[in-house]
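Inspection log for the structure reproduced underneath, given as structure tokens.
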Amino acid sequence: MLNFKDIKNLLQHNKITDFVKLNKLTPRDIADFTNRNTKWAVKLFQHLDPKHAAKAFKFLQNDKQEIIIKSLPAEKAAELLNALQPDDRTAFLEELPGNYVKELLKTLTPERREETLELLGYEEGSVGRLMTPDYVSIKMPETCQDVLSYIRRRGQATETLNWLFVIDEKGILIDDINIKDFLVVDPSTTVAQIMDHQFLALNVNASQKDVINIFRNNSRYALPVTDDDGVLLGIVTLDDVLRLAEKEGTREIQKIGGSEALDEPYTTISFARLIRKRAGWLIILFLGEMLTATAMGHFQDEISKAVVLALFIPLIISSGGNSGSQASSIIIRAMAIGEIGFRDVFRVMRKEFSSGLVLGVILGIVGFFRIFLWQRLGLYDYGPHWMKVATTVFLALIGVVLWGTLSGSMLPLVLKKLGADPAASSAPFVATLVDVTGLIIYFSIAYVVMSGTLL
């Protein structure tokens, strides 16, 4: 097993025998070396077999891919681009400026250029951008022997042989068959005899995000892609879906954390771009928190009469914010994996109402006994009306936690219904919302409980 230092030494020696060793590196090893040693990686790609280089190329960060292609001699760059799988080539080209894409398209063979232009013609974020046209299609009259003979001749050029796709004379998909079914029957058996006419297909214009859930719920390595008329256009494979799921998961986590999605690795994003991605949401959240100060100003008379109430403001609003953040994160994740949607809004509301009520009571009891124990043990004197203070905190925690839980669970569902990104209802956003309303709940309860005594 070669480490990074070994690879660098082999490249420095510049011997043909060393190049053979380099082609034995795994695609992931090549990608890791490239992402850390861009300068030497260009030389590495010059000496790799094009097909082997193509396997590693798809694992590179976008900026590294561009550096490699631009730095390679024109002939080598053309070999690498032509060796890439159509979906990987499309994913790379769609990240580049239009004028540079035109230049790279000129280096492709006519066949590769045609399929790439076709894939680039589909809407961004659609299944059409994710699919590859490299698959094995068969027809009903063919025998298993015919199919296996074809695979031996042409199978090397396809992305996967796990599934074979049956089409009619017009190219319409009529079934998909696992290759193992051809290996356990008599060679003279026809395709029609082993068909079950049950298959799952993706629409070429469907959203890529929907594909993640479809693969998650179906044990498949590859799924066919058809147009509105059912014509087979390509396939989507599991490795592409896994990369897409990782990318979408990263975007959601970053948004839930209260910032824009970075859309590139943290280690490579520029400082200025990182600040721009984070500053916008921080400003919005800061302006939102200013409403908290406004709310406190509205209740300044109550605070001046019962200063003891101010002691529990951080406790009250943080409990509401924490419960809201919990609920928001749970619901956003459940929506992301397809467990719930807006259709489940009332079911979610009932469940979160019960959860918020129970959690509020638990925290309320803890808050009540904290005041009770501190007063009895002489650790702090809450005054002659300490029992009313304890009751206020108890009831306020129930109300604020209940409100925070409901807000955090409902907001993602409402945003989804309105066509917005549910991840925008991030934990900090929900916490800010609950901070302001929590103060209103707290002092409203305090006014009712303490009216005639402290207030």
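Could you please give the count of residues in region 339-352 that are in a helix (DSSP H, G or I) and either closer than 11 Å to Ile398 by Cα or among the β-branched types (Val, Ile, Thr) (or both)? Even if it seems obvious, please write down each step before you answer.
As a first pass, look at region 339-352 and keep what is in a helix (DSSP H, G or I): 342-352.
Okay, now just the ones that are also either closer than 11 Å to Ile398 by Cα or among the β-branched types (Val, Ile, Thr) (or both), so 345, 348.
Selection size over region 339-352: 2.
In region 435-449, the residues that are touching a residue at least 24 places away in the same chain (Cβ under 8 Å) form Cβ pairs under 6 Å with partners that are among the basic types (Lys, Arg), at six or more places apart or across chains, as follows: Val449/Lys388. Of the helices (runs of 4 or more DSSP H) lying entirely inside region 130-222, not one is found with 3 or more residues being exposed (fewer than 14 other Cβ atoms within 10 Å of the Cβ) and at pLDDT 90 or above. Here Gly341 fulfils each of the conditions (1) farther than 20 Å from Ile313 by Cβ; (2) of a type in the set (Gly, Ala, Ser); (3) free of Cβ contacts under 8 Å to residues at least 24 places away in the same chain apart from (3).
Could you tell me whether Ala83 is at pLDDT 85 or above, in contact with a Leu (Cβ under 6 Å, 6 or more places away or on another chain) and surrounded by 17 or more Cβ atoms within 10 Å (Cβ to Cβ)?
Working: at pLDDT 85 or above: yes; in contact with a Leu (Cβ under 6 Å, 6 or more places away or on another chain): no; surrounded by 17 or more Cβ atoms within 10 Å (Cβ to Cβ): yes.
Judged against the criteria, Ala83 is not a match.
Each row is one residue, and each column tells you yes or no for (1) farther than 22 Å from Lys247 by Cα; (2) in a helix (DSSP H, G or I); (3) at pLDDT 80 or above.
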residue	(1), (2), (3)
Val20	yes, yes, no
Asp29	no, yes, yes
Ala41	yes, yes, yes
Ala91	no, yes, yes
Val101	yes, yes, no
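Of the residues that make up region 344-353, is at least one surrounded by fewer than 16 Cβ atoms within 10 Å (Cβ to Cβ) and at pLDDT below 70? So far as region 344-353 goes, no, none of its residues is surrounded by fewer than 16 Cβ atoms within 10 Å (Cβ to Cβ) and at pLDDT below 70.
The values are calculated or read from the model by the stated rules, or taken from the named source; none is laboratory data. Predicted model only: the values in this text are computed from it and were never measured. Positions of Cβ are backbone-derived with ideal geometry, glycine not excepted, and every protein chain shown enters the neighbour counts.
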